[in-house]
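> Can you keep this structure in mind? I'll have questions shortly.
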């Protein structure tokens with residue numbers, strides 16, 4: 001048997017040969033491939049080259065919400081709110097001033113706090129944009145990225161996720177674009193980009209099993 005750089009000598013191992021050609025062999029190869037599928041799905045979150053298709057950027061509203069969670073954005077938001085409160089206070093004092101001197105003083109402070117408010121608003125906008133830009137698509141808590149479980153059935157793979165929203169990201173919805181993680185098309189066929197890695201993993205799994213059974217496997221330490 002040969003493939004992916006391995007040559008297995010099957011002479012004088014009749015019992016092992018029977019085992020090597022059994023369902024256990026299919027299970028071993030399938031499990032090896034399953035590990036690759038799971039690894040590619042998890043890797044897609046941080047490595048764009050592993051994604052089955054390009055992921056659209058976050059919607060503006062979503063990106064803004066993400067950016068607002070940063071410490072810098074929250075700090076700027078507090079400063080903006082404080083400045084607005086101060087400006088409101090001095091505006092009311094200007095309106096209620098009994099003398100020109102008092103009114104002029106109030107207007108001076110009003111202008112100062114309105115300026116501070118504008119600065120804080122601009123700082124918040126910058127912080128939100130930077131926060132959104134640094135955000136990794138689909139990575140927030142990390143629950144989805146670590147939710148995949150791949151189980152071999154001997155004939156294929158059953159791929160599940162412990163979070164119920166995984167299919168929405170894989171296939172998209174009427175309100176959300178697809179951002180697929182698993183290297184399969186809509187019909188469940190393995191994409192060409194993943195086939196070589198999967199085939200190599202399967203051959204390595206078979207070679208490892210053969211070596212454990214006592215075969216001489218050339219090309220494998």
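The values are calculated or read from the model by the stated rules, or taken from the named source; none is laboratory data. No experiment lies behind these values; they were computed from the predicted model shown. Ideal geometry is used to build each Cβ from the backbone, glycine not excepted, and the neighbour counts take in all protein chains shown.
> Among the residues of segment 25-37, are any within 30 Å of residue 215 (Cα to Cα), assigned to a helix (DSSP H, G or I), at pLDDT below 90 and out of contact with any helix residue (DSSP H, G or I) (no Cβ under 9 Å at 6 or more places or on another chain)?
Yes; the residues of segment 25-37 include at least one that is within 30 Å of residue 215 (Cα to Cα), assigned to a helix (DSSP H, G or I), at pLDDT below 90 and out of contact with any helix residue (DSSP H, G or I) (no Cβ under 9 Å at 6 or more places or on another chain).
> Quick one: is residue 176 in contact (Cβ under 8 Å) with a residue 60 or more places away in the chain and surrounded by 11 or more Cβ atoms within 10 Å (Cβ to Cβ)?
No; evaluated as a whole, the condition is false for this residue.
> Just one of the numbered conditions (1) assigned by TED's automatic domain parsing to the domain that holds residue 48; (2) outside any loop (DSSP other than H, G, I, E, B); (3) loosely packed, with under 14 Cβ neighbours inside 10 Å is not true of residue 170; which one?
(3)
> Give the number of residues within segment 188-212 that are more than 23 Å from residue 49 (Cβ to Cβ) and surrounded by fewer than 14 Cβ atoms within 10 Å (Cβ to Cβ).
Result for segment 188-212: 1.
> Restricting attention to segment 56-65, report how many residues are farther than 19 Å from residue 168 by Cα and touching a helix residue (DSSP H, G or I) at 6+ places or on another chain (Cβ under 7 Å).
The qualifying residues number 1.
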